[in-house]
1. Pick from 28, 90, 237: which residue has the top mean-square fluctuation in a GNM of the chain where Cα pairs under 10 Å get a spring?
2. Suppose a student asked you for the relative contact order of segment 1-149, using Cα pairs under 8 Å spaced at least 6 residues apart; what percent would you report?
3. How would you classify segment 141-300 from its alpha-carbon gyration tensor, with a ≥ b ≥ c the square roots of the eigenvalues: rounded for a/c under 1.5, else prolate if a/b is greater than b/c, otherwise oblate?
4. Pick from 17, 108, 198 the residue whose mean-square fluctuation is largest in a GNM of the chain, springs joining Cα atoms under 10 Å.
5. Just to confirm my numbers, what's the Cα centroid distance between segment 238-300 and segment 167-191 in Å?
6. Between 72, 39, 289, which gets the highest mean-square fluctuation from a Gaussian network model of the chain, Cα cutoff 10 Å?
7. Considering Cα pairs under 8 angstrom that are at least six residues apart, work out the relative contact order of segment 89-300 and quote it in whole percent.
8. For residue 56 and residue 176, what is the calculated FRET efficiency with R₀ set at 51 Å and r taken between the beta-carbons, to the nearest 0.05?
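Rule-based calculations on the coordinates, nothing more; no lab input. Just so we're clear, the structure is a prediction, and the values are computed from it rather than from any experiment. Here the Cβ positions follow ideal geometry from the backbone for every residue, glycine too, while neighbour counts run over all protein chains shown.
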C-alpha cells in the first residue's frame, strides 16, 4: 500500500471517472487503474463498483476512502510541521472565503498579508460555505473566512470583525426620504435577494421573521440574484431595493444621485465575519498574521 494508491482512490471517489481522476493525479489512466486494482487485491475487497456509465464506491470502499483522506491529511500535516519548523510564513498559504465576503475583503487583505509576509505565496478561492467546509476538512484549504455561526468538529474559529447590513435603493425610491429603515417594512417592499445556497440570503431572512414567513408561504414573488454585484446592478437599474453588507453597497461606483444607502433601525442587523482553521493546522503564526492583516483593512 502506497500513498500514491491512496491519492488515486480519493481522486476517483471524488471524480467518479477514471479519466478525470488520472488527469487530476497527473498520471495515465492505465497507471491509475492498475494501481487501484492492486490496492483492492491487497485489501481483498472491491472499493468501487464499475460500469460503462458510472463509478461508485462500495460501502466498505466509503470507509476505506475516508480513512485514506485522514492518512493523506496527516502526511500533509507532517510536511507542514517540518516546513513550519523552518519558517511558518514562507510556505504557501491557501485561503478560501465565501462569495459574499471574498470580493470585498480580499482586495484589502491580500496587500496587507503580502506586506507582513512577503515570502509567503497565497492561494485564494471563493466558494459556498458548504464547499469551503469540505475543502478545509480535507486539507485542500488551510483556512477559510466565513460568517458565524460556523461549527465543524476539530475546527477553530476567531471573529475578525462585525459588519452591519444596509439597505441599498434607487435615489428616487420612496424610502430615500427615511433616515433609518425598519426591517419589518421589508415584506412589503420590492426586495431583491440572493438565490438559495447563499448563507447571506438566510441571514437576511433571519433578521426579519415576517419576511421569512412570507418566503415560506410564497405569498409574494421576490426577484433573486446570483451575486451581491448582480443585486447592486439590479438596484441601479431601478428594479427594486436590496439588503447588503456595508462593504458591498458600492454606491460610490455609480454616477452621483443614482443610488442611496440607509442604515437599519437599531438594533442594527449585522454579521460576524470569522476565520476558521483545523485545530491540527501546524502554522499558528500564519493564522495570527491573517488575523492581524484583517484588522488593518479599512472596509467601511
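1. 28
2. 20 percent
3. Taking the square roots of the gyration eigenvalues as a ≥ b ≥ c, segment 141-300 is prolate.
4. In this elastic network of the chain, the residue with the biggest mean-square fluctuation among 17, 108, 198 is 17.
5. 21 Å
6. Answer for the Gaussian network model of the chain: 39.
7. 35 percent
8. 0.35
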